[in-house]
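Take a look at the structure set out below.
The values are calculated or read from the model by the stated rules, or taken from the named source; none is laboratory data. These numbers come from a predicted model, not from an experiment. Every residue, glycine among them, receives a Cβ derived from its backbone with ideal geometry; neighbour counts consider all protein chains shown. When the accessible area is computed, the model is the full protein with side chains, heavy atoms only, and any ligands, DNA or RNA have been set aside. Shrake-Rupley method; radii C 1.70, N 1.55, O 1.52, S 1.80 Å.
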Amino acid sequence: MDDQREAFPAPVLRMAQWCAAILLGAAVVALGVWLCVELRVAIVPVLLALLGAALLGPLARRLVARGVPRAAAAALTCVVLIAVVVFAGWVMVHTLVTNAAQLSASLAEAGERLADDLGSAGDTMNSAAQGLNGLGAQLGGAVAKGFVSGLGLAAQLLMGLVLMLAMLFFLLRDGDRLPGAVRAALPGPAGERLLWIGRRAFAALSGYMRGTTIIAAIDAAFILIGLAALRVPGAPGLAVLVFVGAYVPYVGAFLSGTVAVLVAFADQGLGTALWTLGVILAVQTIEGAVLQPVVQSRTVRLHPAAVMLAVTAGAAAGGLLGTLLAVPVAAAAVGVLSELRAERRAESSEPPGPPESAAAEK
């Protein structure tokens, strides 16, 4: 074996070792992704519960500090989450449904005007507007036909929501007991190392979720002010849509901004739509240049390229839920890796201790 190793130069052997390590790591990641996709009915609610615990943990701890029993504090936090989600969903859906008919009618009228002015290009937009106008009826028929088949999907979603809320309740109530359980299951250095990694990952996840929520709230407030100043109908619902879309980087901002511009165009024409687009671009510029560096300066900040790769990989692996979960998971992984690098640098910078013989002589 030594003769075979000497037949290859040292750089080739090092490259082969790195290739083997990379292939092994890729195989482990692929196996983990495959297991998550196959077991997504159970894993997705757990991941959503972790996101909720990372975001709402301070609220539950504050209630406990004020004398509320731990179980009651966890239950109240879950109730607050349900109330906020239901209210935000109602405002957003009400706004979109209220403006859907007006949007299709305005687009059809704009298409007719463009057909008179631009010829074939206007005819193309007119056809698109007519297709949008008939989309509601087609969706209604599809919903009526697929009601029975959709009952199974609705049951799965309801079961997933119940499981997520139950896991969130237990995480908020019994989160402090997890270190003891890990030490009992894995005594020794292995358990301590696992706890260290878990704490670093959860801290990075908590920082990311809190920072994203603060930025989303500021973006929604600015856009609400801008849309209200432009007298765009349904401004509160559009602001809620912007707030929700902030949790899906790039894709959420594009979709929520497009809906806001279309609603402004449907109600007041091209000029107001352009002003709305300007407001959205200005808010996004302020977010990228000011809010993210200030709010997330003490948490994990991901490079835009890493965010795009994470979103693309999450969408390919798990669709919409994968897109939502990809960036927080990547933030937790990057937080652990940064802590490991910092620990290694600290160990390498420590001065070596005295030799054992010198210590024995003393």
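Accessible surface ranking for Arg66, Arg61, 1.4 angstrom probe, highest first: Arg66, Arg61.
Estimated from the Cβ-Cβ distance and a Förster radius of 45 angstrom, the FRET efficiency linking Leu59 and Ala30 is about 0.75.
Using 1/(1 + (r/R0)^6) with R0 = 35 angstrom and r between the beta carbons of Val12 and Ala190, what's the FRET efficiency to the nearest 0.05? Intermediate values should be presented prior to the final figure.
Numbers: r = 35 Å, r/R0 = 1.00.
Calculated value: 0.50.
When all protein chains stay in place and ligands, DNA and RNA are ignored, the 1.4 Å accessible-area order of Glu343, Glu287, Glu38, Glu192, largest first, is Glu38, Glu192, Glu343, Glu287. For segment 193-209, the Karplus equation 6.51 cos²θ - 1.76 cosθ + 1.60, evaluated at θ = phi - 60°, returns couplings of 5, 5, 5, 4, 5, x, 5, 5, 5, 5, 5, 5, 5, 5, x, 5, 5 Hz by residue, with Gly and Pro reported as x.
The label-point distance for Leu178 and Trp90, in a model that sets each label 7 Å from Cα toward Cβ, rounds to 3.3 nm.
Run through segment 165-268 and list the trypsin sites (Lys or Arg not before Pro) located in a DSSP loop whose Cβ has at most 12 other Cβ atoms within 10 Å.
Numbers: sites: Arg173, Arg177, Arg183, Arg193, Arg199, Arg200, Arg210, Arg231; in loops: Arg231.
For trypsin sites (Lys or Arg not before Pro) across segment 165-268 that sit outside H, G, I, E and B with at most 12 neighbouring Cβ atoms in 10 Å, the list reads Arg231.
Taking Met308, Met92 and ordering them by how much accessible surface each has at a 1.4 Å probe, largest first, produces Met308, Met92. Using a probe of 1.4 Å on the protein chains alone, the accessible area found for Thr213 is around 30 Å². Looking at segment 46-101, the accessible area is 58 square angstrom per residue; that uses a 1.4 Å probe and ignores ligands, DNA and RNA.
Taking a Cβ cut-off of under 14 Å around Ala185, the surrounding Lys, Arg, Asp and Glu residues balance to a net charge of +2, with basic ones at +1 and acidic ones at -1. A Cβ-based charge dipole, computed about the Cα centre of segment 151-300 with Lys and Arg at +1 and Asp and Glu at -1, lands at about 500 debye.
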